[in-house]
Amino acid sequence: MEYLPEEKLLKRIQKSEPFSLVLGAALTAEVDGKGIPGVDRVPDFVLDYIKDKDKDKDDEDDYYEHLGSKTSQEKYQASIQYISETYGQNSVNEIINAVVRSNMDEATGKSHIPQSVKGLAKLIDIGKVKTILTTNFDTLIEEELDNLGVPHNSISIVSDSTIPKNSNELPTIVHLHGKWSEGDTMHTESQLRNNREKIQS
């Protein structure tokens, strides 16, 4: 695969027809305190949740045993799995809400938007990007489009279903693992390994 220098990439984008993108966590990842905490920090949110709920510390001990010596990515998935099995899906949703809200300005209630997202939103605004498929559960792209006054569609898909066709020509963001503000999201190994034939087609 060839990686273009920034100047050439920008020229290529300027001359190109509208295109689609597939994006993951790196786009909205925390940089200099702005963005969504990465997989290495999610277990800290899980531990805070357990400490708040578990007064006798039995669950906290079980949690550490459950994580063992797993790698960062494995700890992320294992920590969410532990919460799901011990407390239920609603608790997973609460933790994901806490992760996303940690990026919000307490005074304004608005999210901090990383430069990467601002740059992408400008490409969407000038019509270069029509569809974004993302595994991110945050909605920073949509929030920046709102800041710019750019109408758009935002779709959350958790089950195996076809991506709905829109009745308009607006840019569309499709969250393949769900959206933090619309119910359940997908995180554990078993969830992510499920065959999703309708989406793949």
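The values are calculated or read from the model by the stated rules, or taken from the named source; none is laboratory data. Quick caveat, the model's predicted, so the values are computed rather than measured. Cβ coordinates were reconstructed from backbone atoms using ideal geometry, including for glycine residues, and neighbour counts include every protein chain displayed. Note: accessible area is taken over every heavy atom of the protein model, side chains too, but ligands, DNA and RNA are not part of it. Shrake-Rupley method; radii C 1.70, N 1.55, O 1.52, S 1.80 Å.
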### Query
Which one is modelled with the highest pLDDT, of the residues in region 20-40 that are over 16 Å from Ile95 (Cβ atoms) and charged (D, E, K, R)?
Glu30
#### Entry: All positions within region 70-91 that are without any contact (Cβ under 8 Å) to a residue 12 or more places away in the chain and open to solvent by less than 40 Å² (accessible area, probe 1.4 Å)
Gly88
#### Entry: Output for region 1-40, where each listed residue is within 30 Å of Ser72 (Cα to Cα) and of a type in the set (Val, Ile, Thr)
Val22, Thr28, Val31, Ile36, Val39
### Task
Kindly indicate the residue of region 92-144 that is in a strand (DSSP E or B), over 12 Å from Pro171 (Cα atoms) and not aliphatic (A, V, I, L, M) and also most open to solvent (accessible area, probe 1.4 Å) among those meeting that condition.
Ser111
### Message
Tell me whether region 35-53 contains one or more residues that are free of Cβ contacts under 8 Å to residues at least 60 places away in the same chain and within 17 Å of Ser116 (Cβ to Cβ).
### Response
yes
### Message
Suppose we keep only residues that are touching a helix residue (DSSP H, G or I) at 6+ places or on another chain (Cβ under 9 Å) and modelled with pLDDT under 90 within region 41-55. Which one would you say is surrounded by the fewest Cβ atoms within 10 Å (Cβ to Cβ)?
### Response
Lys53
### Task
Those residues that are in contact with a Phe, Trp or Tyr (Cβ under 9 Å, 6 or more places away or on another chain) and either aliphatic (A, V, I, L, M) or over 19 Å from Ala98 (Cα atoms) (or both), I need them from region 46-62; list them, please.
Val46, Leu47, Ile50, Asp59, Asp62
### Task
For residues that are open to solvent by 90 Å² or more (accessible area, probe 1.4 Å) and not β-branched (Val, Ile, Thr), scanning just region 11-25, find the one that is farthest from Thr172 (Cα to Cα).
Lys11
